[in-house]
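*Asks:* Would you mind keeping the following structure in view while I ask a few things?
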Amino acid sequence: MSMDFNFYMDDITSQARGEMEAGGYEQLKTADDVETAIKREGTTLFMVNSVCGCAGGIARPAALHAIHYDKRPDHLVTVFAGQDKEATAQARMHFGDYHLPSSPSFVLMKDGEFVAEVGRHEIEGHDPMSVVTNLQDQFEQYCEEL
């Protein structure tokens, strides 16, 4: 039995992208898309998506649940590590010198500047609600009520 790896990956990534888009996250697929998002005023939550289990079982559910809160980012965006490599690299360039590139992860920006993050080490091995709580704590500190 042979399996077409690209067909398999396309199916997984399509489902993962669809989950995020249905939840209101904008897909950033190019470096130009990232630059446009970075220039927006207000707060922007970047979700660095991935095909790993902790992305599907923890990070994406947390990303979708966390935004149901009185204070939340003005903009919700996602880049897909390993898939949209140029966009992911461009986003990480803006995350600053102290950001440890990892996926999945979240980075909160305010007026184009890094203010907070939730790295893979705070996602993998944790339950989704602890990630939600971590994100909402950041929203409370940096975001306005919508």
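The values are calculated or read from the model by the stated rules, or taken from the named source; none is laboratory data. None of these values were measured; they are calculated from a predicted model. No Cβ is skipped: glycine too gets one built from the backbone with ideal geometry, and neighbour counts run over all protein chains shown. Side chains included, ligands, DNA and RNA excluded: accessible areas come from the protein's heavy atoms. Shrake-Rupley method; radii C 1.70, N 1.55, O 1.52, S 1.80 Å.
*Asks:* Condition (residue is surrounded by fewer than 16 Cβ atoms within 10 Å (Cβ to Cβ), under 29 Å from E145 (Cα atoms) and either in contact with a strand residue (DSSP E or B) (Cβ under 7 Å, 6 or more places away or on another chain) or in contact (Cβ under 8 Å) with a residue 60 or more places away in the chain (or both)) applied to segment 75-90: is it met by at least one residue? Walk me through how you get there before you give the answer.
*Replies:* Step one: of segment 75-90, the residues surrounded by fewer than 16 Cβ atoms within 10 Å (Cβ to Cβ) are 82, 85-86, 89.
Checking the rest, the ones that are also under 29 Å from E145 (Cα atoms) come to none.
Scanning segment 75-90, I find no residue that is surrounded by fewer than 16 Cβ atoms within 10 Å (Cβ to Cβ), under 29 Å from E145 (Cα atoms) and either in contact with a strand residue (DSSP E or B) (Cβ under 7 Å, 6 or more places away or on another chain) or in contact (Cβ under 8 Å) with a residue 60 or more places away in the chain (or both), so the answer is no.
*Asks:* Let me ask something else. Quick one: in segment 91-115, which of the residues that are open to solvent by 10 Å² or more (accessible area, probe 1.4 Å) and aliphatic (A, V, I, L, M) is nearest to V34 (Cα to Cα)?
*Replies:* Of the residues in segment 91-115, the ones open to solvent by 10 Å² or more (accessible area, probe 1.4 Å) are 92-94, 96-103, 110-115.
Imposing the further condition that a residue be aliphatic (A, V, I, L, M) reduces the set to 93, 100, 115.
Values: M93: 10, L100: 18, V115: 17 Å.
My answer is M93.
*Asks:* Can you name the number of the only condition in (1) of a type in the set (S, T, N, Q); (2) closer than 16 Å to T44 by Cβ; (3) open to solvent by less than 60 Å² (accessible area, probe 1.4 Å) that Q141 fails?
*Replies:* Every listed condition holds for Q141 apart from (3).
*Asks:* Conditions: (1) touching a Lys or Arg at 6+ places or on another chain (Cβ under 8 Å); (2) at positive phi. C54 meets all but one. Number of the miss?
*Replies:* Against the list (1) touching a Lys or Arg at 6+ places or on another chain (Cβ under 8 Å); (2) at positive phi, C54 comes up short only on (2).
*Asks:* Given (1) open to solvent by less than 60 Å² (accessible area, probe 1.4 Å); (2) modelled with pLDDT of 95 or more; (3) out of contact with any strand residue (DSSP E or B) (no Cβ under 8 Å at 6 or more places or on another chain), where does C54 come up short, assuming only one miss?
*Replies:* For C54, the exception is condition (2).
*Asks:* Residues of segment 48-79 being β-branched (V, I, T), touching an Asp or Glu at 6+ places or on another chain (Cβ under 8 Å) and more than 21 Å from T30 (Cβ to Cβ), which ones? I'd like the intermediate steps shown before the answer.
*Replies:* Filtering segment 48-79 down to residues β-branched (V, I, T) leaves 48, 51, 58, 67, 77-79.
Among the residues that remain, those that are also touching an Asp or Glu at 6+ places or on another chain (Cβ under 8 Å) are: 58, 77-78.
Listed by number, the list holds a single entry, I58.
*Asks:* In addition: Among the residues of segment 10-43 satisfying the criterion of being of a type in the set (D, E), free of Cβ contacts under 8 Å to residues at least 40 places away in the same chain and more than 14 Å from T88 (Cα to Cα), which is surrounded by the fewest Cβ atoms within 10 Å (Cβ to Cβ)? Lay out the reasoning, then the answer.
*Replies:* Let us first name the residues in segment 10-43 that are of a type in the set (D, E), namely 10-11, 19, 21, 26, 32-33, 35, 41.
Adding the requirement that they be free of Cβ contacts under 8 Å to residues at least 40 places away in the same chain leaves 10-11, 21, 32.
Filter once more, so that each one left must be more than 14 Å from T88 (Cα to Cα): 10-11, 21.
Numbers: D10: 12, D11: 10, E21: 12.
Of everything passing the filter in segment 10-43, D11 is surrounded by the fewest Cβ atoms within 10 Å (Cβ to Cβ).
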